[in-house]
Amino acid sequence: MDDLIRKYFPGQTPDQYAQFEQLTSLYTDWNSKINVISRLDIDNLQERHVLHSLAIAHLFTFKPGAQVLDLGTGGGFPGIPLAIFFPETQFTLVDGTGKKIRVVQAVAEALGLENVKALHSRVEDLRMNMGFDFVVTRAVAPLDQLMQWGQRLIKRKHTHSYPNGLIALKGGDIRSEIKALPGKADNYTEIFPIREFYKEPFFDEKFVVYVQG
């Protein structure tokens, strides 16, 4: 199934392809001990978790040295695939469930990902001075809640082509979530249908949503 990664991202190094390929065996092994991914999804890990996470990389480029927070990472998505894709970007993966963070730490160590820091913490307890360029997330909460949690952690100084902000993998009724954003945040939002660049049916009605911080 790593052929999907090669199909949509043909320019990666042999080491990166090897890391992507290892994800299936690593998560299958850990899932037999700690249930962090559903059985249906573990059988389709490369498509439903890895490729889905990399939809962000299809649209956004993180610079070397950038700081990215994966909010509510669960078992490590989208943070782990993005950390493989952007080896010079620093990723902090946060989740409030300790067993999930243990899996994240073990997977990152097995892959030799020195650009991953895993934290067992509620987002409310993160220090405001940590300072991230972007917050990424997948299937955690509505956009207004994500912005409430993440906005205080986003740096004011912009160094990327997109201003610093939230990048969320979402499905369902995105327009109503955008309308619920406070203030005029809907003026600084973009929606990218994933189906426009991934042809697999799984990605129908799935989106990457950007909200400027």
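The values are calculated or read from the model by the stated rules, or taken from the named source; none is laboratory data. Computed from a prediction, not measured in an experiment: that's the story for all the values here. Note that each Cβ is placed from the backbone with ideal geometry, even for glycine, and that neighbours are counted across all protein chains shown.
At-a-glance table
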| quantity | calculated |
| --- | --- |
| Failed item in (1) out of contact with any helix residue (DSSP H, G or I) (no Cβ under 9 Å at 6 or more places or on another chain); (2) free of Cβ contacts under 8 Å to residues at least 60 places away in the same chain, with His160 passing the rest | (2) |
| Top-ranked residue in the stretch 88-114 [being under 14 Å from the mean Cα position of the chain (by Cα) and not in a helix (DSSP H, G or I); ranked as surrounded by the most Cβ atoms within 10 Å (Cβ to Cβ)] | Leu93 |
| Hits in the stretch 159-171 (condition: surrounded by 11 or more Cβ atoms within 10 Å (Cβ to Cβ) and either part of a loop (DSSP other than H, G, I, E, B) or among the β-branched types (Val, Ile, Thr) (or both)) | Thr159, His160, Tyr162, Pro163, Asn164, Ile167 |
| Residue list for the stretch 91-115, filter: over 21 Å from Pro14 (Cα atoms) and of a type outside the set (A, V, I, L, M) | Phe91, Thr92, Asp95, Gly96, Thr97, Gly98, Lys99, Lys100, Arg102, Gln105 |
| Only one of Thr137, Thr159 that is under 15 Å from the mean Cα position of the chain (by Cα), within 30 Å of Gly183 (Cβ to Cβ) and not acidic (Asp, Glu) | Thr137 |
| Matching option when the condition is hydrophobic (A, V, I, L, M, F, W, C), in a loop (DSSP other than H, G, I, E, B) and under 18 Å from Gly171 (Cβ atoms), among Phe77, Phe62 | Phe77 |
| Extreme residue, nearest to Leu113 (Cα to Cα), among residues of the stretch 25-41 that are under 17 Å from the mean Cα position of the chain (by Cα) and without any contact (Cβ under 8 Å) to a residue 40 or more places away in the chain | Ile37 |
| Test: residue in the stretch 21-40 that is part of a loop (DSSP other than H, G, I, E, B), of a type in the set (Phe, Trp, Tyr) and closer than 25 Å to Val135 by Cβ | no |
| Boolean, Val116 is within 14 Å of Thr73 (Cβ to Cβ), touching an Asp or Glu at 6+ places or on another chain (Cβ under 6 Å) and modelled with pLDDT of 90 or more | no |
| Members of the stretch 115-150 found to be touching a residue at least 12 places away in the same chain (Cβ under 8 Å), surrounded by fewer than 23 Cβ atoms within 10 Å (Cβ to Cβ) and either in a loop (DSSP other than H, G, I, E, B) or in contact with a Lys or Arg (Cβ under 6 Å, 6 or more places away or on another chain) (or both), listed by number | Asn115, Ser121, Arg122, Leu126, Met128, Met130, Gly131, Ala139, Val140, Ala141, Pro142 |
| Where a residue in the stretch 4-17 is under 13 Å from Leu111 (Cα atoms) and its partner, wherever it lies, is among the hydrophobic types (A, V, I, L, M, F, W, C) and modelled with pLDDT of 95 or more, with Cβ under 6 Å and at least six apart | Gln16/Ile84 |
| Hits in the stretch 1-60 - residues which are among the hydroxyl-bearing types (Ser, Thr, Tyr), under 16 Å from Glu196 (Cα atoms) and buried (at least 17 other Cβ atoms within 10 Å of the Cβ) | Ser53 |
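Conditions tested, residue by residue: (1) at pLDDT below 95; (2) of a type outside the set (S, T, N, Q); (3) within 16 Å of Gln22 (Cα to Cα).
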site	(1), (2), (3)
Leu45	yes, yes, yes
Val50	no, yes, yes
Ile56	no, yes, no
Thr61	no, no, no
Gly76	no, yes, yes
Leu93	no, yes, no
Gly96	yes, yes, no
Lys99	yes, yes, no
Ala106	no, yes, yes
